[in-house]
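Step one of this worksheet: look at the structure below.
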Amino acid sequence: QVQLVESGGDLVQPGGSLRLSCAASSSISTINTMGWFRQDPGKQRSLVATITSLGITNYADSVKGRFTISRDTAKNTVYLQMNSLKPEDTAVYFCKAVKLWIAYWGQGTQVTVSS
């Protein structure tokens, strides 16, 4: 089993930056894929970015060039650097890990982009 704890969500002005962190309870080197998803109230959870155990990344078109996913295997942590934030980036951001075909989710962290 993998436990995930997100942090870093906050209120930020448009054009600002935030870095989200997702700390895993086990070695992320053994996790096939980790990623970030976001969800607005009443909407489905959607993919933001993923990173595989080989370091291959994938991004939603809406965040390409603005967001960067990375990982620190020594800290068992995955990060999401978010730059040039827009009001439409406002959502609860969830960390996801897939290990041996089982998906694990964190509790989510709120990101609000507003002036």
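The values are calculated or read from the model by the stated rules, or taken from the named source; none is laboratory data. Computed from a predicted structure; not experimentally measured. Note that we place each Cβ from the backbone using ideal geometry, even for glycine, and neighbour counts take in every protein chain shown. For accessibility, only protein heavy atoms count, side chains too; no ligands or nucleic acids. Shrake-Rupley method; radii C 1.70, N 1.55, O 1.52, S 1.80 Å.
Dimensions of the chain along the principal axes, based on C-alpha atoms and rounded to the nearest Å, stand at 41, 27, 23, largest first. The charge dipole of the stretch 1-94, taken about its Cα centre with unit charges on the Cβ atoms of Lys, Arg (+1), Asp and Glu (-1) only, comes to about 100 debye.
Taken per residue, the accessible surface of the chain reaches 53 Å², heavy atoms only and a 1.4 Å probe.
Within the straight-line cut-off of under 28 Å between alpha carbons, the lysines reachable from LYS99 are LYS43, LYS64, LYS75, sequence neighbours fewer than 8 places apart in one chain being disregarded. Subtracting the Cα-Cα distance of ASN58 and LEU11 from their residue separation scaled by 0.36 nm leaves 14.4 nm. The HN-Hα couplings worked out from phi for the stretch 14-29 by the Karplus form 6.51 cos²θ - 1.76 cosθ + 1.60 (θ = phi - 60°) are x, x, x, 10, 8, 10, 8, 10, 10, 9, 9, 7, 9, 4, 6, 5 Hz, whole numbers, x standing for Gly and Pro. Within the stretch 39-90, the trypsin sites (Lys or Arg not before Pro) that combine a DSSP coil assignment with at most 16 other C-beta atoms in a 10 angstrom radius are LYS43, ARG45, LYS64, ARG66, LYS75.
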